[in-house]
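The values are calculated or read from the model by the stated rules, or taken from the named source; none is laboratory data. Please read all numbers here as calculations on a predicted model, not as lab measurements. Note that each Cβ is placed from the backbone with ideal geometry, even for glycine, and that neighbours are counted across all protein chains shown. For accessibility, only protein heavy atoms count, side chains too; no ligands or nucleic acids. Shrake-Rupley method; radii C 1.70, N 1.55, O 1.52, S 1.80 Å.
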Amino acid sequence: MESVTQRRKSGINLPSTMSETSLRLDAFSSPPRSKRTTNLASSPMSNRSPRTISNLSSSPSSKSASCSDRFIPCRSSSRLHTFGLVEKASPVKEGGGNNDAYSRLLKSELFGADFGCFSSPAGSKGCANSPMSPSKNMLRFKTENSGPNSPYSPSVLGHTDTSLSNEVSTPPKPPRKVPKTPHKVLDAPSLQDDFYLNLVDWSSQNVLAVGLGTCVYLWTASNSRVTKLCDLGPTDSVCSVQWTREGSYISIGTSLGKVQVWDGTQCKKVRTFGGHQTRAGVLAWSSRILSSGSRDRNILQHDVRVPSDFVSKFVGHKSEVCGLKWSHDDRELASGGNDNQLLVWNQRSQQPVLKLTEHTAAVKAITWSPHQCGLLASGGGTADRCIRFWNTTNGNQLNHIDTGSQVCNLAWSKNVNEIVSTHGYSQNQIMVWKYPSMSKVATLTGHSLRVLYLAMSPDGQTIVTGAGDETLRFWNVFPSVKTPAAVKDTGVWSLGRTHIR
């Protein structure tokens, strides 16, 4: 009973086989108001590791104080780095960047966002002095230092979130390569440097028509043969050319306001239409109707099956009509003028169904999307420089982009959802855009003056551009159309694939 009474007085519960005299108590000095720590330094009864007993009562009168012999370690307070438990990790295999990123993500989830400072060589010194910080060596991959600029240096966690997201994300697809130089250049003497004219067109039968002065020339792409179609004489000149969709007939607008229709295969004039007071600078064919725009501000509808000069007249522009395009389904006709207006017409009304006035310069460049019904693109002149996209079903502007220079022509690829634009002041460049993101695919240069004329080959891969520098340049800008199988056609409309060399 006496020994029990003494153990109670000391406030320490000891086994019956252990006496209090076998204990050696070492008291460490500590700041005021801090708790004392008593270390169990030696014991004759066992070879167990030393234990730390905290919160011991120093009051002899305390009867409720007791201490358990169970030790629960706290990882946050341990300093495992002093034991060097983790020296080196196995070398990372080639292509194991994702495993490294996953490991660092796992460490961040286990130890929190502050763990990033222990992975950084620059910030490790400041974090090592924290007694409650997690071990710097845990789950850490150490490699030999190969220099700060070495591509094999280990990446660290915690610098930026974007660096980690870039490692685990899929690399972007490289852009399609477009040749920067034309594969063919033709001389075009007397090709006029006039923004309001349209002197180049490429037929579905692979024949290029070019208006040079008073003459129209045909260049056959398959054999590079040049044919002189007509000569209007000294009192007239060519202002516009346009092939029919079938590619057999070609229409010619003249400076006197006449519109002629020629058989391109036999080089014979079929019809001459009147009705305009001055030059007809733009033409557009639908399946049956030929539309012509003039400096007299009118748009005339011609029908070769009717003996009269025109079947209807569209009046809406306040200045010269310089842009004209039918939609692919022949339901709508878009017209642009020097009055900065873009008008949309249909066959059932003599008034425009849409008046789009957001452009601040002449609207010559017009194209319809072959991929989406009712999607129209237009480009403005020097004071505007913008390409704008419209939904013609409700008249809303979908998007616009400032190109930085005068927009002379637009053409929508039928093979891919991309647009090519040609420009004048001040860059004189050719640009290929991806729709609808309007990211640049390519920028082509070579003309020394405004690129006023543009036409596309029947296969949709090659474009030809013309400028006042009196040259025609051929560019391969679009990929081929992807078809499951080629259908061989020996008929008169068979086009095939023709390389222009």
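A few comments on the model shown:
- Filtered residue count, segment 268-294, keeping only those that are closer than 16 Å to Thr227 by Cα and at pLDDT below 95: 0
- Test: residue in segment 177-189 that is in contact (Cβ under 8 Å) with a residue 24 or more places away in the chain, over 43 Å from the mean Cα position of the chain (by Cα) and open to solvent by less than 30 Å² (accessible area, probe 1.4 Å): no
- Residue within segment 232-242 that is part of a strand (DSSP E or B) and more than 20 Å from Gly293 (Cα to Cα) present: no
- When segment 414-463 is filtered for residues that are within 17 Å of Leu186 (Cα to Cα) and open to solvent by 50 Å² or more (accessible area, probe 1.4 Å), the ones remaining, listed by number, are Thr445, Ser448, Leu449.
- Segment 319-337 residues that are farther than 13 Å from Ile289 by Cα, paired with ones that are of a type in the set (Phe, Trp, Tyr) and in a loop (DSSP other than H, G, I, E, B) (beta carbon under 8 Å, 6 or more apart): Glu320/Tyr196; Cys322/Phe195; Cys322/Tyr196
- Any chance Leu376 is outside any loop (DSSP other than H, G, I, E, B) and surrounded by fewer than 15 Cβ atoms within 10 Å (Cβ to Cβ): no
- Cβ separations smaller than 8 Å between residues 6+ apart or across chains give the following pairs from segment 427-452 residues that are at positive phi to residues that are among the small types (Gly, Ala, Ser): Asn428/Ser405; Asn428/Ser448; Asn428/Ala467.
- Test: residue in segment 338-360 that is over 30 Å from Val270 (Cα atoms), part of a loop (DSSP other than H, G, I, E, B) and aliphatic (A, V, I, L, M): yes
- Of the numbered criteria (1) open to solvent by 70 Å² or more (accessible area, probe 1.4 Å); (2) closer than 22 Å to Arg295 by Cβ; (3) not in a strand (DSSP E or B), the one Asp384 fails is (1).
- Single match in Gly211, Gly264, Gly253 (criterion: under 17 Å from Arg279 (Cβ atoms) and more than 39 Å from the chain's Cα centre (by Cα)): Gly253
- Tally of residues being in a strand (DSSP E or B) and of a type outside the set (Val, Ile, Thr) across segment 449-482: 12
- Subset of segment 243-257 [buried (at least 17 other Cβ atoms within 10 Å of the Cβ) and either among the aliphatic types (A, V, I, L, M) or not in a loop (DSSP other than H, G, I, E, B) (or both)]: Trp243, Tyr249, Ile250, Ser251, Ile252, Gly253, Thr254
- Residue count for segment 258-299, restricted to those that are open to solvent by 60 Å² or more (accessible area, probe 1.4 Å) and either in contact with a His (Cβ under 7 Å, 6 or more places away or on another chain) or assigned to a loop (DSSP other than H, G, I, E, B) (or both): 8
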